[in-house]
Amino acid sequence: MIKLVEINEQNWQDAVSLSVYSQQKSFLDSPVGIVARGYVYRSCNASVFGISNGEQIIGIALVKDMDEEPACYDLQQFMIDRHFQGKGYGTEALRLILLLLSKEGKYDQVEVCVNKNDAAALRMYKKVGFEDTGYIDESVPDCRNLMYKFNRDMPLFSDKMITDFSDLLFQNAFKQYFSELGCKVKDWNVLFKDMISDGGNAAFIRTSSDGKVIGFIQFKPIKFSSWFFEETCGFIREFWIAEEFRNKRHGTALIELVEKFFLNNGIYTSILTTDTAARFYEKRGYYKALGCKAKNQTEVFIKRLK
């Protein structure tokens, strides 16, 4: 799980050991330089964040205040170690930073300058909602000025992967989901314990900055085998978006999140059943698995991820 951590005496050596590809070095300061900038800009309320995956530091970022007009947060440096690029960690960490700044609420926008040749970074920033302002600073003519504006009517969100289904946020969301389906459960405690004991179950849960559950997607690896062949597929078990957040691309984002998880774990086929949302899945590359039926007789959909 990606999280933001303080750079301290226990982890600073890991942070300054981060590296990027040679072609990226001209776009970014070194990790040591980023930590030093945090000290130099301390009068501007500079904060240096470590980006960790579990207990491992995989990135570093620097944010400071910029009071001259247009006053905003200045995301001055953002780096993911080269060994962890291309896995969605940068996008997830960037959203966590935006969520943190939105909660602080000192400014209504965040600025970042990105080299015009850094195509991967430009794609990432635009993916989470940064827009090119068209402004070019004469001192850095090769950089594009991007701005993210907080929409107070559309809360920011964060994603968390869980395997412990005693998580109360998940349980309350799951109960709401079953209520909408008209499903009744005799003993919820038994149901959630079964989810834990049935090995391999996991879920991504998305929450807004004000603590509301936007939705969740539950999944597990499932192995199909015969005397000669074997394949592990990613089975999407349950999927729900709260009504107030529907039609805002959260469903698509959660599907993409779990598909990326499958790929990162060497799983290249996603499988699910549905009797209510076939069109949604078909628009995202799923197709009916002809000749294959679930035991509850619902249609089976698959997608080859690679």
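The values are calculated or read from the model by the stated rules, or taken from the named source; none is laboratory data. Because the structure is a prediction, the values reported are computed rather than measured. Glycine gets a Cβ as well: all are built from the backbone with ideal geometry, and neighbour counts include every protein chain shown. When the accessible area is computed, the model is the full protein with side chains, heavy atoms only, and any ligands, DNA or RNA have been set aside. Shrake-Rupley method; radii C 1.70, N 1.55, O 1.52, S 1.80 Å.
With a requirement of 3 or more residues that are under 20 Å from the mean Cα position of the chain (by Cα) and either surrounded by 13 or more Cβ atoms within 10 Å (Cβ to Cβ) or touching a residue at least 60 places away in the same chain (Cβ under 8 Å) (or both), the strands (runs of 3 or more DSSP E) lying completely within the range 200-298 that satisfy it span 202-208, 213-225, 230-241.
Considering only residues in the range 177-197 that are within 20 Å of K212 (Cβ to Cβ) and surrounded by 14 or more Cβ atoms within 10 Å (Cβ to Cβ), the one that is farthest from the chain's Cα centre (by Cα) turns out to be F178. Pairs needed: first member in the range 17-31, of a type in the set (S, T, N, Q); second member anywhere, in a loop (DSSP other than H, G, I, E, B) and open to solvent by less than 90 Å² (accessible area, probe 1.4 Å); C-beta distance under 8 Å; at least 6 residues apart or different chains. The qualifying pairs are S19/D81; Q24/D118.
Scan the range 62-106 for residues that are among the charged types (D, E, K, R) and free of Cβ contacts under 8 Å to residues at least 40 places away in the same chain and the total you get is 6.
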